[in-house]
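Where a number appears in this text, it was derived from the coordinates with a stated rule and is not lab data. The model shown is predicted, which means the values in this text are computed figures rather than measured ones. Quick reminder, even Gly has a Cβ in these numbers, built from the backbone with ideal geometry, and neighbours come from all protein chains shown.
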Number of protein chains: 2
Amino acid sequence: MIVTVIGIGLIGGSLALSLREAGLATHVIGVDQSFENQTKALALGLVDEIADLASAISRADLIVLAVPMDAMLTLLPLLLDGVGDHQIVIDAGSTKQRLLATVEQHPRRARFVAVHPMAGTEYSGPEAAVPGLFEGKTLVICDAEHSDPAAVTRVGGIFEQIGMRLVYMGGAAHDLHTAYVSHISHITSFALALTVLNKEKEEQQIFDLASGGFESTVRLAKSSPETWVPIFRQNRLNVLDVLTEHLRQLQHMKDVLEQEDYPAFHQLIEQANLIRKILK
Amino acid sequence: MIVTVIGIGLIGGSLALSLREAGLATHVIGVDQSFENQTKALALGLVDEIADLASAISRADLIVLAVPMDAMLTLLPLLLDGVGDHQIVIDAGSTKQRLLATVEQHPRRARFVAVHPMAGTEYSGPEAAVPGLFEGKTLVICDAEHSDPAAVTRVGGIFEQIGMRLVYMGGAAHDLHTAYVSHISHITSFALALTVLNKEKEEQQIFDLASGGFESTVRLAKSSPETWVPIFRQNRLNVLDVLTEHLRQLQHMKDVLEQEDYPAFHQLIEQANLIRKILK
C-alpha cells in the first residue's frame with residue numbers, strides 16, 4: 001500500500017512509522033508546506049520521499065490528512081476533488097462537526113473516512129513522531145454511514161493492525177465527548193502554567209521543587225498554539241460549556257476553603273475520587 | 001541504624017524500602033494506628049516488626065513521622081518529649097509553617113529535622129509503597145538553623161544516599177512554593193474530575209476516549225481526602241492566593257474564547273508554552 005501523509009508532524013509522522021512497522025505501508029510519500037519539516041522527515045526516515053500535493057495524491061492508495069484543523073477545512077475538499085474510487089482519504093483531526101459539514105455535499109464524500117486517533121503528546125513537528133504511539137489507544141470513526149462501507153472496513157482493519165480499538169460515533173457526539181476528555185484538560189493546563197508563570201517569579205524554585213504531580217498536570221501546557229487554537233475555535237461552544245462548569249466547580253472549592261468548611265471539602269474530594277472507576 | 005516509621009503508607013512505606021535497599025536501615029519498626037495497615041506492612045515486608053509507640057521510639061536511631069498533617073501536629077511534640085540526644089526525628093510533611101510553629105519552643109526542638117521529600121503518587125496506604133520513589137527527586141530541608149547541625153548533616157547524607165537532591169529553605173517559603181508546584185495541581189485535578197463526573201453522564205464514553213492527556217491532568221484527583229484536607233487546611237492562605245489567580249487566568253481564557261479573539265488566545269498559549277523552560 002502506498003501511503004501519502006500530508007502534514008508530517010507528531011501524528012502524521014507517528015502514523016507513517018506505525019504503518020510501515022506493521023508492514024502495511026510499502027512506500028510513504030510526504031507532503032508538507034514547511035521545507036524544514038520536509039528535510040527533517042526525510043532525515044528521520046519518516047517518509048521515503050517528499051512530493052508535491054498533486055503527484056502525492058495521484059499515486060497514493062491511502063491519503064492521510066494530518067494538518068492543523070483550520071488547514072484541514074481547505075485541504076480536504078481539494079483532496080476529494082482529485083481522488084478516484086480505488087483511493088481512500090482519512091483525516092486525523094481532533095474536531096469533526098465542522099469538517100464533516102464542509103464535505104457533506106461533496107460528490108466524492110464516500111471516499112473519505114473521518115477518524116480521530118485518541119493519542120498524542122504535548123510535542124509537535126516531525127521530531128516528535130514516535131513509534132508505537134497508537135498502540136492500545138482508541139480510534140474514533142465518525143459518521144461512518146456517509147463513507148463507502150468497504151473503505152470503512154479497510155480503514156478499521158488498518159488501525160486495528162497497529163493496535164487500536166475502534167469506536168463509532170456521530171460527529172456531534174465526538175465533539176462533545178472530546179471537549180470533556182481532551183480539550184478541557186488542555187485549557188486547565190494552559191491556565192495553570194500561566195498562573196505559575198505570572199505569580200511565581202522564583203523560577204529556580206519551581207524547577208527544584210516541581211514534582212511528578214505538577215509535571216503531569218501542566219505538561220499539556222507545552223502544546224502548540226498552531227494545533228490548539230483551531231481546535232478550540234471549531235469546538236468553541238462545547239469547550240465553553242465545559243469550561244463554565246469547571247469554573248463553577250473551582251469557585252465552589254474556593255468558597256468552601258474560604259469558609260473553612262472542611263467536612264464539605266472532604267466530601268468534594270471523595271466525590272472527585274470517583275474518577276477512579278472511570279480511569280483505566 | 002534502627003528506623004522507626006510512624007504511619008506506614010505511601011511515603012513511610014516507600015522510605016522504609018529505600019532505606020533498607022541502600023543498606024542504611026538494619027531494622028525497621030513500624031507504628032500505625034490501623035490494624036489493617038500493620039498487617040499489610042508486615043506482609044509486604046515494609047517493616048520487620050510492629051510495635052507500640054513508646055517501645056518504637058525508645059529503640060530507634062531515626063524516627064520518621066509520615067502521618068497526615070493534622071495528626072502530625074499532635075504527634076511531633078509527643079515524640080520530641082521522648083527522644084534523647086542520640087536520636088533524630090524527621091517528618092515528611094507537605095506543609096511546614098504550622099508544624100514548625102508548634103514545636104518552636106520545644107526543649108528538644110534541635111533533635112527534629114523538618115524535611116519534605118518532593119515525591120509521591122496519587123495512591124495511599126502500605127500497598128502504595130514502591131521502591132525507588134525518591135530517586136532523582138528533591139528533598140526540602142526547612143529551617144535547618146533550628147536543628148542540631150550534626151543531625152542536619154546526618155539526615156542530608158541519608159537522603160542523598162537514596163538519590164535525592166537537597167534544597168534548603170525557610171518554612172514560609174516552602175509553603176508558598178509548594179502551593180504553586182503541588183497543592184494547586186491537586187485542586188485543579190479534583191475540580192476537573194468533578195466537572196467531568198457532573199456533566200458527562202456517559203461514563204463508557206469517557207472510559208473509551210480518555211487518552212493520555214486526560215489521564216495525566218486528572219490522575220491526582222484519585223488522591224485521598226485524609227491526606228489532602230489537612231494540607232489545604234494548613235496552607236489555606238497560600239492555596240487561596242494561587243487559586244484566585246488560577247480562576248482569573250481561566251476566566252480570561254474563557255472571555256477571549258467567548259469574544260472569538262483568536263490572536264489573543266494564540267498569545268495566551270504561547271505565554272503558557274514558556275513553562276517549557278522550567279519543566280525538566
**Study point:** Calculated label separations, B:THR244, copies of the chain, 7 Å along the beta-carbon direction, nm
**Key:** 2.7
Practice item. For n ≥ 4 DSSP H runs only, could you compute -39500 (n - 2.57) per run for chain A, divide by its residues and tell me the 222 nm figure to the nearest 500? Key: -15500 deg cm²/dmol
Study note, to complete from the structure: Mean-square fluctuation maximum in Gaussian network of chain A, Cα pairs under 10 Å, restricted to A:GLU49, A:GLU36, A:GLU258, hits A:GLU258
Check your understanding: Taking the Cβ of B:GLY156 as the center, what net charge do the other residues with Cβ under 13 Å away carry, scoring Lys and Arg +1 and Asp and Glu -1?
Key -> 0
Point to revise | Among the listed pairs A:LYS96/B:LYS222; A:LYS277/B:LYS137; A:LYS137/B:LYS201; A:LYS137/A:LYS222; A:LYS40/A:LYS96; B:LYS137/B:LYS222, those beyond 25 Å (Cα-Cα) | key: A:LYS96/B:LYS222; A:LYS277/B:LYS137; A:LYS40/A:LYS96
Revision key, fill the gap. Shortest first and in nm, the label-point separations between A:SER34 and its counterparts in the other identical copies (7 Å out along Cα→Cβ) come to 4.9
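Averaged across the residues of B:229-237, what count of C-beta atoms belonging to other chains lies within 10 Å of each residue's C-beta?
The mean count of partner-chain Cβ atoms within 10 Å per residue comes to 3.
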Check your understanding: Across the residues of B:248-258, average count of Cβ atoms on other protein chains within 10 Å?
Key -> 6
Exercise for review: Report, in debye and to the nearest 20, how large the dipole of the protein assembly as shown comes out about its Cα centre when Lys and Arg carry +1 and Asp and Glu carry -1 on their Cβ.
Suggested key: 140
**Study point:** Leading residue at positive end of dipole, the protein assembly as shown (Cβ point charges), from B:VAL3, B:GLN259, B:VAL239
**Key:** B:VAL3
Check your understanding: So which aspartates and glutamates pass the test for A:LYS199, namely a Cα distance under 12 Å, with those fewer than 8 places away in the same chain ruled out?
Key -> B:ASP241, B:GLU245
Study note, to complete from the structure: If one builds a Gaussian network model of chain B from Cα atoms under 10 Å apart, the most fluctuating residue listed among B:ALA193, B:ALA179, B:ALA129 is B:ALA193
Study note, to complete from the structure: Heads up, segment B:45-162 by the C-alpha gyration tensor (a ≥ b ≥ c square roots of eigenvalues; a/c under 1.5 rounded, else a/b over b/c prolate, else oblate) looks rounded
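Given +1 on the Cβ of Lys and Arg, -1 on the Cβ of Asp and Glu, and no further charges, what dipole in debye does segment B:56-141 carry about its Cα centre, rounded to the nearest 20?
It comes to approximately 240 debye.
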**Study point:** Positive-end residue, segment B:174-277 charge dipole about Cα centroid, Cβ charges, pick of B:SER182, B:ALA221, B:ILE269
**Key:** B:SER182
**Study point:** Relative contact order for chain A, counting Cα pairs under 8 Å that sit 6 or more residues apart, in percent
**Key:** 17
Exercise for review: Over the whole of B:99-110, what's the average partner chain Cβ count within 10 Å per residue? Rounded to a whole number, please.
Suggested key: 0
Exercise for review: Between copies, how far apart are the B:GLY23 label points? List them in nm, one decimal, shortest first, with each point 7 Å from Cα toward Cβ, please?
Suggested key: 5.1
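Only four residue types carry charge here, +1 at the Cβ of Lys and Arg and -1 at the Cβ of Asp and Glu. Report the dipole size of chain B about the Cα centre in Debye, rounded to the nearest 20.
440
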**Study point:** Fluctuation leader among A:ALA150, A:ALA264, A:ALA173 - chain A, Gaussian network, Cα springs under 10 angstrom
**Key:** A:ALA264
Point to revise | Integer Hz, Karplus 6.51/-1.76/1.60 couplings in order for segment A:150-158, x for Gly and Pro | key: 5, 5, 4, 4, 4, 5, x, x, 4
Point to revise | Rounded if a/c under 1.5, otherwise prolate or oblate - segment B:1-86, Cα gyration tensor axes | key: oblate
Exercise for review: Take the alpha carbon gyration tensor of segment B:174-277, find the square roots of its eigenvalues, order them as a ≥ b ≥ c, and report rounded if a/c is under 1.5; if not, report prolate when a/b exceeds b/c, else oblate.
Suggested key: oblate
